[in-house]
Amino acid sequence: MATIGIELGNVGFQAARCDKTDPQLLASAGGPDWPGYACHDGKKYSFGRAAEDAWFVLPRQVCPVFGDKLSHESSPLNVAGRHASFSELAFYFLREYTQHLAGAAGPLEKVVLAVPSAFLKDAATEEQKIGLLLGMAAELKLPLAGVVDMAAASLCDSRGAGFNPAHPVVVVDMHLTGADLTLHVMEKGRLERRDLAHLSAAGYGALLKHLTAAMGNRFLKATAFDILEDGSIEQAFFRQTKDFLLSGAPEHRYQLNTARRAYEMTGTHEQLVVDAQTYATMLLHGVQSLVQKLPDPAEPVTVALSARAATLPGLDARLRAAGFLRLLRLPAGAAACGAARMGEELLPARKELDEIHGEVSVPQSAVKNSQGAPWEANLQKPRATGPRLRPSHIVIDGLGHGVGGAGAFAIGSPSAGPDLALPEAFNAAEDCLVQLQREAGRLWLLEPGPATGGAAPARTLVEAGDRLVVRCGNAVTDLLFVHCHDPAGMRR
């Protein structure tokens, strides 16, 4: 009997299947095509991508908040002269999604739901929201085996790089109308949720609207064309902004066509970083607030970013600059895969739905542990004396990577999501991350290990011609710091 894990993340529903093997994400049963939007055009409902594509065209007929505000309260969506409740919209959405899921995965035999952490923040909230979900499951005849905190489930995904559960971990996730930050610690053989912070202002929906407006203002200055001229044009611009954000590409060429002419503008990732800095700051402060509540705030902490949170431009750099060097990027659908694995290994089938309660902790055996292969990094300086130029690039495997700008710059294993990734073989190392600091035009190598006595960490000046040799087992890579001139011959 295979177990299906469903991740109720309204930025994009995901589903995974587990059948006595490692869970597999069902790519045709979720993702960006299933965001938590509902639309009623006066005749019929539409959900997911179709409803999202009407957000700017029919703003009063689209509701993107029913998932997070799950309750019997009336939504702003007017259907046949009355306002549909949030729970009604959630039921219709879940019904359509599970029908689609059954078509992709076959008959559903055992299902585990991974729900937003805020659904399980206290007993009263759990009774309301989980009670409604159980009622929907009964109406839809879903063979439900359990309901688990999305953050806890995501840490059980066997596809991820894993982390060291001996130290605390903060999971950062974003939903359409807010962000959930959860602090987990290992206690008596279980990874327990110690604390939860819900940031209502840090939602993905608000982020997308803000980025669309900011890029729209640039588009107006560059082309003298206002995207607000028509709802369908604004919707097309929103779609391009969202695709740009999700792609992680360094730039995107915006293109809008009207009956009279075509308009174009190139947007850059650096612009997205600037536009999203308020949201990155909110999440950083949220993480810092949780860590300060630990008995020893200086203890090493892993920050695990959901795939949704990891798309927030500049967030990982802000976290590293604040001293959070143990960053873990969770795979897309991590909560779905973790829930499927938990259902297969830990949760028996239930005959009565009232036996099901929300789980906010998981046994240590279910957690994906990191592989702690040792690693080392050594900075080698040439014998030549005298002043040398400041490095502008790092060369690895024949390719140059710029290190201009200000703030932190990290080199490490691909699973850590650094600014410059080492070869895949370095994923075998736990927390393989070399931290550089850019300050007043200079580049400094920060010594690994925590600072003592409140002092800043020791650091070494890096100059053009220096080599950084990083080793992990049999894997060795050599990085050369160089100074390059721009095409005009001007030094950077």
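The values are calculated or read from the model by the stated rules, or taken from the named source; none is laboratory data. Since we're looking at a predicted model, the values are computed, not measured. Backbone-built Cβ (ideal geometry, glycine too); neighbour counts: all protein chains shown. These accessible areas exclude ligands, DNA and RNA; they are computed on the full protein's heavy atoms, side chains included. Shrake-Rupley method; radii C 1.70, N 1.55, O 1.52, S 1.80 Å.
Summary of values
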| read-out | value |
| --- | --- |
| Output for the stretch 62-77, where each listed residue is more than 28 Å from the chain's Cα centre (by Cα), modelled with pLDDT of 95 or more and buried (at least 19 other Cβ atoms within 10 Å of the Cβ) | none |
| The stretch 81-113: number of residues that are among the charged types (D, E, K, R) and either part of a strand (DSSP E or B) or touching a Lys or Arg at 6+ places or on another chain (Cβ under 6 Å) (or both) | 1 |
| Number of positions in the stretch 393-427 that are touching a Phe, Trp or Tyr at 6+ places or on another chain (Cβ under 9 Å) and in a loop (DSSP other than H, G, I, E, B) | 4 |
| Residue in the stretch 177-196 that is part of a strand (DSSP E or B), among the small types (G, A, S) and at pLDDT 95 or above present | yes |
| Subset of the stretch 137-151 [surrounded by fewer than 19 Cβ atoms within 10 Å (Cβ to Cβ) and touching a helix residue (DSSP H, G or I) at 6+ places or on another chain (Cβ under 8 Å)] | A138, E139, L140 |
| Candidate set from the stretch 390-424 (those that are open to solvent by 60 Å² or more (accessible area, probe 1.4 Å) and hydrophobic (A, V, I, L, M, F, W, C)); member that is modelled with the highest pLDDT | L399 |
| Within the stretch 207-236, considering residues that are of a type in the set (A, V, I, L, M), without any contact (Cβ under 8 Å) to a residue 60 or more places away in the chain and in a helix (DSSP H, G or I), the one most open to solvent (accessible area, probe 1.4 Å) | L228 |
| Filtered residues of the stretch 22-43 (kept if in contact with a helix residue (DSSP H, G or I) (Cβ under 6 Å, 6 or more places away or on another chain), modelled with pLDDT of 90 or more and of a type in the set (G, A, S)) | A38 |
| Residues located in the stretch 50-61, provided they are surrounded by fewer than 22 Cβ atoms within 10 Å (Cβ to Cβ) and closer than 25 Å to G31 by Cβ | A50, D53, A54, V57, L58, P59, Q61 |
| Criterion violated by M215 - all others in (1) in contact with a helix residue (DSSP H, G or I) (Cβ under 9 Å, 6 or more places away or on another chain); (2) modelled with pLDDT under 95; (3) among the hydrophobic types (A, V, I, L, M, F, W, C) satisfied | (2) |
| Odd one out for L142 among (1) of a type outside the set (S, T, N, Q); (2) closer than 26 Å to L305 by Cα; (3) assigned to a loop (DSSP other than H, G, I, E, B) | (2) |
| Any pair with Cβ under 7 angstrom, 6 or more apart, that starts in the stretch 460-482 at a residue that is open to solvent by less than 10 Å² (accessible area, probe 1.4 Å) and outside any strand (DSSP E or B) and ends at one that is aromatic (F, W, Y) and modelled with pLDDT of 90 or more | D466/F481 |
| Residue among P363, P300, P295, P331 that is over 25 Å from A416 (Cα atoms), at pLDDT below 95 and not β-branched (V, I, T) | P295 |
| Answer residue from the stretch 165-206, given it is buried (at least 17 other Cβ atoms within 10 Å of the Cβ) and among the polar types (S, T, N, Q) and is farthest from S154 (Cα to Cα) among those | T177 |
| Residue list for the stretch 252-288, filter: open to solvent by 70 Å² or more (accessible area, probe 1.4 Å) and either among the β-branched types (V, I, T) or under 29 Å from D180 (Cα atoms) (or both) | E270, V274, Q277, T278, H285 |
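Listed here are the residues, each with its yes/no results for (1) open to solvent by less than 40 Å² (accessible area, probe 1.4 Å); (2) in contact with a Leu (Cβ under 9 Å, 6 or more places away or on another chain); (3) within 19 Å of F13 (Cα to Cα).
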{"site": "L312", "(1), (2), (3)": "yes, yes, yes"}
{"site": "D316", "(1), (2), (3)": "yes, yes, no"}
{"site": "L319", "(1), (2), (3)": "yes, yes, no"}
{"site": "G323", "(1), (2), (3)": "no, no, no"}
{"site": "L328", "(1), (2), (3)": "yes, yes, no"}
{"site": "E345", "(1), (2), (3)": "no, no, no"}
{"site": "E355", "(1), (2), (3)": "no, no, no"}
{"site": "A366", "(1), (2), (3)": "yes, yes, no"}
